[in-house]
Amino acid sequence: MPTIDSIFGLRVVIYPNDHRPPHIHVIGNGCEAVFNLQCPHGPLALRANCGFSRRDLTRMIDKLTDQLAVFCYEWRQIHGPDRRLI
């Protein structure tokens, strides 16, 4: 599983065999959150949360939003372009 970034000591991951829509997993401290990227322009949308506090999620969204274009690029590199957007 490619770790594409890290924030606050947490791993930001895109799984190679994962499904659409484009999304990232944020993993660490025994917790995981999944954010839909809504490429190419966002905004990030929380899809699932297992264990992170609302404060943690807010901090994550603020930080992850700055890297949205990079995450969309990485998703395309791993999974190919979204045929619905071509």
For residue 33, the lone unmet condition from (1) closer than 16 Å to residue 7 by Cα; (2) open to solvent by 20 Å² or more (accessible area, probe 1.4 Å); (3) small (Gly, Ala, Ser) is (2)
- Is at least one residue of segment 48-56 within 10 Å of the chain's Cα centre (by Cα), among the hydrophobic types (A, V, I, L, M, F, W, C) and within 19 Å of residue 6 (Cβ to Cβ)? no
Only one of (1) without any contact (Cβ under 8 Å) to a residue 40 or more places away in the chain; (2) open to solvent by less than 80 Å² (accessible area, probe 1.4 Å); (3) under 12 Å from the mean Cα position of the chain (by Cα) does not apply to residue 22, and that is (1)
Among strands (runs of 3 or more DSSP E) entirely inside the chain, those with 1 or more residues being on the phi < 0 side of the Ramachandran plot and at pLDDT below 95 are 3-7
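The values are calculated or read from the model by the stated rules, or taken from the named source; none is laboratory data. Since the model is a prediction, treat every value here as computed from it, not as a measurement. Neighbour counts run over all protein chains shown; Cβ positions are idealised from the backbone, glycine included. Quick note on the areas: whole protein, heavy atoms, side chains included, nothing else; ligands and nucleic acids left out. Shrake-Rupley method; radii C 1.70, N 1.55, O 1.52, S 1.80 Å.
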